[in-house]
1. Answer yes or no: is there a residue in the stretch A:74-87 that is in a strand (DSSP E or B), under 15 Å from the mean Cα position of the chain (by Cα), in contact (Cβ under 8 Å) with a residue 60 or more places away in the chain and within 12 Å of chain B (Cβ to nearest Cβ).
2. Within the bounds of the stretch A:112-119, is there any residue that is closer than 24 Å to B:S69 by Cα and over 12 Å from the mean Cα position of the chain (by Cα)?
3. Looking only at residues that are under 24 Å from A:D3 (Cα atoms), surrounded by 10 or more Cβ atoms within 10 Å (Cβ to Cβ) and touching a Lys or Arg at 6+ places or on another chain (Cβ under 9 Å) in the stretch B:4-41, which one is modelled with the lowest pLDDT?
4. Restricting attention to the stretch A:112-120, does a residue exist that is out of contact with any Cys (no Cβ under 6 Å at 6 or more places or on another chain), free of Cβ contacts under 8 Å to residues at least 60 places away in the same chain and part of a loop (DSSP other than H, G, I, E, B)?
5. Counting just the residues of the stretch A:9-34 that are surrounded by 13 or more Cβ atoms within 10 Å (Cβ to Cβ) and without any contact (Cβ under 8 Å) to a residue 12 or more places away in the chain, which one comes out farthest from A:W94 (Cα to Cα)?
6. Among (1) within 11 Å of another protein chain (Cβ to nearest Cβ); (2) outside any loop (DSSP other than H, G, I, E, B); (3) in contact (Cβ under 8 Å) with a residue 40 or more places away in the chain, which single condition is A:E97 missing?
7. Give the stretch B:42-70 a look and list any residue that's of a type in the set (D, E) and at pLDDT 85 or above, or say none.
8. Taking the stretch A:1-35 as the search range and keeping residues that are more than 10 Å from chain B (Cβ to nearest Cβ) and under 14 Å from the mean Cα position of the chain (by Cα), which one is nearest to A:E133 (Cα to Cα)?
Amino acid sequence: MADRLRFPYVAVRNRIGEVGSKPLLPITLQHKGQEFATTGLLDSGADINVLPFHIGLALGGVWEEQNISLPLSGSLADVEARGIVVKGTVADVWQGELAFAWALSRKLPLILGQVNFFASFDVCFYRTMMYFELTPKPNRIR
Amino acid sequence: MLSRELLDELHKLERSDKAKVIQILAGELAVDEEKYFQNGTSYDFWSPIDAPEAANTLMQMLADSRKSSG
């Protein structure tokens, strides 16, 4: 059985100054020999992963070279996005490919959504106890 | 700067100690996040909740990537 990884919820302040708790996962991304350690918001309602523009640049991504445009919708309809596949590492236990919509926006957080983060992990949220757990897919264990 | 020596030491830790290190570092990241989110500033949090075409395209990109890497 795959190991479960436990992480605490992270306290963040919202736009009206209140502190709330978010399931923010520490994750390291690698691409083209570059590495970027950050946190990603676990968003089970999101269809896709989203990579903010500045993180893509830090990973050596070249916007003009990513020629697959991704149509977004709703509040993201005006944000241009292009597909990019990078390697992700979680807690030095899991490593695998993650496909992102690399968004031409610095305002967005890094979002981990159904394609393909939630296809790579089973996720349990224990909000009342302020932690969440990930179980990597067995074939993704190092 | 993360040194090879530090990484080697971390790898040697017992499983329970590794979990403690993760918790400590996650807590520090929480403090960093608080610095990032400034009081009184408005931040938009968008979620791509209806992006089936983008999802299909990303899945195809992953399949292509896995095919090309053998």
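1. No, the stretch A:74-87 contains no residue that is in a strand (DSSP E or B), under 15 Å from the mean Cα position of the chain (by Cα), in contact (Cβ under 8 Å) with a residue 60 or more places away in the chain and within 12 Å of chain B (Cβ to nearest Cβ).
2. Within the stretch A:112-119 (the criterion being closer than 24 Å to B:S69 by Cα and over 12 Å from the mean Cα position of the chain (by Cα)), the answer is yes, since at least one residue qualifies.
3. Result: B:Q23.
4. Looking only at the stretch A:112-120, we keep the residues that are out of contact with any Cys (no Cβ under 6 Å at 6 or more places or on another chain), and these are A:112-120.
Next, from what is left, pick out any that are free of Cβ contacts under 8 Å to residues at least 60 places away in the same chain: A:119-120.
Right, trim to part of a loop (DSSP other than H, G, I, E, B) and you get none.
The answer is no; no qualifying residue exists.
5. First, pick out the residues of the stretch A:9-34 that are surrounded by 13 or more Cβ atoms within 10 Å (Cβ to Cβ): A:9-15, A:21-31, A:34.
Cutting the leftovers down to without any contact (Cβ under 8 Å) to a residue 12 or more places away in the chain gives us A:11, A:13-15.
Working: A:A11: 25, A:R13: 30, A:N14: 31, A:R15: 34 Å.
Top of the filtered list is A:R15.
6. All conditions are met except number (3).
7. Here is the first cut: in the stretch B:42-70, the ones of a type in the set (D, E) are B:44, B:50, B:53, B:64.
Within the stretch B:42-70, B:E53, B:D64 qualify.
8. Filtering the stretch A:1-35 for residues that are more than 10 Å from chain B (Cβ to nearest Cβ) and under 14 Å from the mean Cα position of the chain (by Cα), the one nearest to A:E133 (Cα to Cα) comes out as A:P23.
The values are calculated or read from the model by the stated rules, or taken from the named source; none is laboratory data. Computed from a predicted structure; not experimentally measured. Note that each Cβ is placed from the backbone with ideal geometry, even for glycine, and that neighbours are counted across all protein chains shown.
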